[in-house]
Amino acid sequence: MAKTIAVSDDVYEMLSKAKMKNESFSSVIRRLLKRQKISDIPKIFDEDEWAKVEKAFKEQKKLDTKRTRELL
């Protein structure tokens, strides 16, 4: 049985971004409520957003490596 729920505009936008092709909103919510794996994260972001995240990770890794060398 289907139920109707109300979500705010920002939540709807986040669900829309997380929604994969041919996936229902019920399936999106079900998938997101399950325990997430790190490999699921790219599915939540669009390509441009994910590229920014990857760049930030790489930059932070360089800084961490540099800091570790300084401490040793």
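The values are calculated or read from the model by the stated rules, or taken from the named source; none is laboratory data. None of these values were measured; they are calculated from a predicted model. No Cβ is skipped: glycine too gets one built from the backbone with ideal geometry, and neighbour counts run over all protein chains shown.
Taking (1) surrounded by 10 or more Cβ atoms within 10 Å (Cβ to Cβ); (2) outside the structural domain of Lys3 (by TED's automatic domain parsing); (3) at pLDDT 90 or above in turn, Ser26 satisfies each apart from (2). Counting only residues that are among the small types (Gly, Ala, Ser) and either surrounded by 10 or more Cβ atoms within 10 Å (Cβ to Cβ) or within 16 Å of the chain's Cα centre (by Cα) (or both), the range 1-23 holds 2 of them. Pairing residues of the range 49-72 that are free of Cβ contacts under 8 Å to residues at least 40 places away in the same chain and within 27 Å of Met14 (Cβ to Cβ) with residues that are of a type in the set (A, V, I, L, M, F, W, C) and outside any helix (DSSP H, G or I), at Cβ distances under 8 Å and at least 6 apart in sequence or on separate chains, gives Val53/Phe45. Just one of (1) modelled with pLDDT under 90; (2) assigned to a helix (DSSP H, G or I) trips up Lys55, so point out which. Exception for Lys55: condition (1).
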